[in-house]
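Here is the structure we will look at, set down as structure tokens.
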Amino acid sequence: MSPPRRALIAITSAHAPLYPEGKETGLFITEALHPFNVFRKAGFEVDLVSETGLYQPDWLSQQKEWLSDEDRAVWEDHSSEFRSKLDHLRRSSEINASNYGLFFASAGHASLIDYPDAKGLQDIASEMYSAGAIIAAVCHGGAIFPGIIDSSTGKSIIANRKVTGFTTRGEEEEGVLGTIQSWNRPTIEASAASAGATYVSPAGPWDAFTITDGRIVTGANPASAHVTAEASVKAFASL
């Protein structure tokens, strides 16, 4: 029996200064919105969840170069399905993993802070994976993978898998690598290596790029959110 045609998008609960003048990172809006749109178009029911039921939007993700007029209209409309579900965000303890067939970790640099310790979200994804679901992440969302355990091996679900995510080169170009190190958190490349995965880099830090390896689907950056979601739907269809 195929897993339920229902997707769960994880949202970071964390926020912290990252940008000039103390502007903060949080949820990178389009990394949740674009997958939400793809999944709804593909006929999935979609729910949003964070570890604590709270979130804060990333400052950069609200700027014009990162949020199109069309996306901004949805983001600012509290009656839209996406924004309404964000406004009434569920916490991980309220989620029944058996209701879902696709888990998608959206991101923002803040994911590096809370995803490694987000035991509730990790347990949901672990249970879903054991039940045959697709597990996906984009950009910094891969920070959650070391804690998502394959019950059959006792190792991370990305052990011996190929994955992608935001590049360390990209962190350096943004001038934020030092801040990440001050958080005492690994980059996505280092996180993947610690979980026994092979990290595959996009041609450039900002190029749209996604990899599917078995039931694991990953994307490299904000530009990859849409194609990663589409690849997740394709992987789900092959179950």
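The values are calculated or read from the model by the stated rules, or taken from the named source; none is laboratory data. All of these numbers come straight from a predicted model, not from anything done at the bench. Positions of Cβ are generated from backbone atoms using ideal geometry, with glycine treated the same way; all protein chains shown enter the neighbour counts. Just so you know, the surface numbers come from the protein's heavy atoms only, side chains and all, with ligands and any DNA or RNA stripped out. Shrake-Rupley method; radii C 1.70, N 1.55, O 1.52, S 1.80 Å.
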Taking only the alpha carbons of segment 138-239, what extent do you get along each of the three principal axes, in Å, biggest first?
-> 41, 30, 17
For segment 81-92, Karplus couplings with θ = phi - 60° (6.51, -1.76, 1.60), whole Hz, Gly/Pro x = 4, 4, 5, 4, 6, 5, 5, 10, 4, 8, 9, 4
To two decimal places, what compactness ratio does segment 1-116 give when its Cα radius of gyration is scaled by 2.2 N^0.38 Å?
-> 1.05
Stokes-Einstein D for segment 104-176 (20 °C, 1.002 mPa s, Kirkwood Rh from Cα pairs), in µm²/s, comes to 168
Measure off, as a whole percent, the carbon and sulfur share of the 1.4 Å-probe accessible area of segment 121-239, all protein chains present.
-> 49
Show which lysines lie in cross-link reach of residue 41 when reach means a straight Cα distance below 24 angstrom and same-chain residues fewer than eight apart are skipped.
-> 85, 234
Dividing the mean separation of Cα pairs under 8 Å (6+ apart) by the residue count of the chain yields a relative contact order in percent of 21
Among beta bridges assigned by DSSP with both residues in segment 1-65, the antiparallel ones amount in percent, to the nearest 5, to 20
Treating the Cα atoms of segment 1-63 as identical point scatterers in vacuum, please give the log10 of the normalised Debye intensity I(q)/I(0) at q = 0.21, 0.27 Å⁻¹, two decimals.
-> -0.84, -1.10
At a Cα cut-off below 15 Å, give the aspartates and glutamates reachable from residue 119, other chains included and same-chain residues fewer than 8 away excluded.
-> 51, 94, 127, 150
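Using a 10 Å cut-off on Cβ atoms, rank the peptides 25-38, 142-155, 4-17, 90-103 from the highest mean neighbour count down.
25-38, 4-17, 142-155, 90-103
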When Rg and Dmax of the Cα atoms in Å is calculated directly from the model, which label among [x] 20.9, 78; [y] 16.0, 52; [z] 17.1, 49 fits?
-> [y]
For the chain: accessible area per residue (Å², 1.4 Å) = 41
Spherically averaged projected area in nm², based on the convex hull that wraps the Cα atoms of segment 137-177 | 3.3
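Expressed as a whole percentage, what fraction of the accessible surface of segment 1-119 belongs to carbon and sulfur atoms when a 1.4 Å probe is rolled over the protein heavy atoms? Mind showing how you got there, number by number?
Values: 2560 of 5180 Å².
On segment 1-119, the fraction of accessible area on carbon and sulfur atoms equals 49 percent.
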